[in-house]
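Everything below concerns the one structure shown next.
The values are calculated or read from the model by the stated rules, or taken from the named source; none is laboratory data. Note that the structure is predicted; figures quoted are calculated from it, not measured. Please note: Cβ atoms are built from the backbone with ideal geometry, for glycine as well, and neighbour counts cover all protein chains shown.
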């Protein structure tokens, strides 16, 4: 079964990426979508709370649950197989590490389009991910 990683921050572009992943999962060979939300910056208190909570809704901080809600609704409506993950840290390294550790076959992620100058100076999360992985990355606008 193919593993498609979809980083989700709750933005409209991330939801476009979820829709694209659902289409790809339903059209091709069997696929499982790994929905990943990265919370930054990591704080010891937030991490300790997340790791000690027994239930999913307690394990994810409110901002993560709120960011993931629309994406989960899309996945549930489509009937797609998916898993949900939350990491703490900087987005690009966490996305790349998760893709590697979970043996994902592809990353499908949204882009926000900072503009040419900002992307040149700061770089985008998407470009940082592309530089860190050796699997296909599909960018959805």
Being surrounded by fewer than 16 Cβ atoms within 10 Å (Cβ to Cβ) and either at pLDDT below 95 or in contact with a helix residue (DSSP H, G or I) (Cβ under 6 Å, 6 or more places away or on another chain) (or both) is the filter here; which residues of the range 11-33 pass it?
11, 12, 26, 27, 28, 29, 30
Under 7 Å by Cβ, and 6 or more places apart or on different chains, what pairs join a residue from the range 92-112 that is over 11 Å from residue 3 (Cβ atoms) with one that is part of a loop (DSSP other than H, G, I, E, B) and modelled with pLDDT under 95?
110/11; 111/124; 111/141; 112/11
If I ask for residues that are touching a helix residue (DSSP H, G or I) at 6+ places or on another chain (Cβ under 7 Å) and under 16 Å from residue 16 (Cα atoms), which ones from the range 76-87 would you list?
78, 80
Would you pick out the residues in the range 5-38 that are closer than 15 Å to residue 67 by Cα and part of a helix (DSSP H, G or I)?
12, 13, 14, 15, 16, 17, 18
Would you confirm whether any residue within the range 59-77 is more than 26 Å from residue 131 (Cβ to Cβ), at pLDDT 95 or above and loosely packed, with under 12 Cβ neighbours inside 10 Å?
yes
